[in-house]
Amino acid sequence: MEVTNHGSPTPIIITLISENSAYATTLSSYFRAKGYQLQWLNCLYPTAAELTQLAKIGDQSCHVLVMDLANAGEEVKDKLDEMRKFFGSSPITIIALVDATEQTKSNIAQLEIATNELLVKPVRFHRLMEIVREETCPVPR
């Protein structure tokens with residue numbers, strides 16, 4: 001579940017949140033091929049208990065949540081804000097994967113506000129990996 005990225009002393013915890021097991025398997029295989037480990041939560045939004053477990057994994061870890069939000073409704077921003085509260089001051093990156101045809105303009109706008117990155121399906125895996133690298137190994141300014 002923990003991976004130390006090349007050149008980064010901070011452990012990276014990548015969690016895929018998706019109700020689609022086939023998509024989760026595909027993403028998991030891709031992350032493993034790139035040297036990352038991925039844990040999967042089979043849900044649209046994690047429960048309080050699941051979030052508590054993720055937050056306990058390590059205060060010094062960088063949490064990356066890759067969320068397949070195929071069926072996200074109007075509650076999406078509130079749900080994502082709740083998730084951020086669980087992590088408190090721990091660094092967390094939320095990357096949302098959405099199908100634009102299944103989202104209203106309002107939902108897309110809420111997702112853009114509530115996430116670090118928003119990718120529209122079909123997701124280019126190399127772009128997803130580029131975002132993960134950028135979020136976990138920031139370039140010094």
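Each reported figure results from applying straightforward, stated rules to the coordinates on display, with no laboratory input. The structure displayed is predicted, hence computed values, not measured ones. Reconstructed Cβ throughout: ideal geometry from the backbone, glycine too, with neighbour counts over all protein chains shown.
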> Of the peptides 24-35, 109-120, how do they stack up when ordered by the mean number of other Cβ atoms within 10 Å, highest first?
Replying inline: 109-120, 24-35
> Under the Karplus relation 6.51 cos²θ - 1.76 cosθ + 1.60, θ = phi - 60°, what is the ordered set of whole-Hz ³J(HN,Hα) values for the stretch 17-33, x standing for Gly and Pro?
Replying inline: 10, 7, 8, 9, 5, 5, 5, 4, 5, 4, 5, 4, 4, 5, 4, 4, 4
>> In whole Hz and in residue order, list the ³J(HN,Hα) couplings for the stretch 99-115 that follow from phi through the Karplus curve 6.51 cos²θ - 1.76 cosθ + 1.60, θ = phi - 60°; x for Gly and Pro.
In response: 9, 4, 6, 9, 10, 7, 4, 5, 5, 4, 4, 5, 5, 4, 6, 8, 10
> If you take the Cα atoms of the chain, find Rg, then find the Kirkwood Rh from the mean of 1/r over all pairs, what is Rg/Rh?
Replying inline: 0.93
> So what is the calculated 222 nm ellipticity per residue for the chain, using -39500 (n - 2.57) for each DSSP H run with n of 4 or more, over all residues, to the nearest 500 deg cm²/dmol?
Replying inline: -12000 deg cm²/dmol
>> Let's see if you can work this out: charge +1 on each Lys and Arg Cβ, -1 on each Asp and Glu Cβ, no other charges. What is the dipole magnitude of the chain about its Cα centre, in debye to the nearest 20?
In response: 420
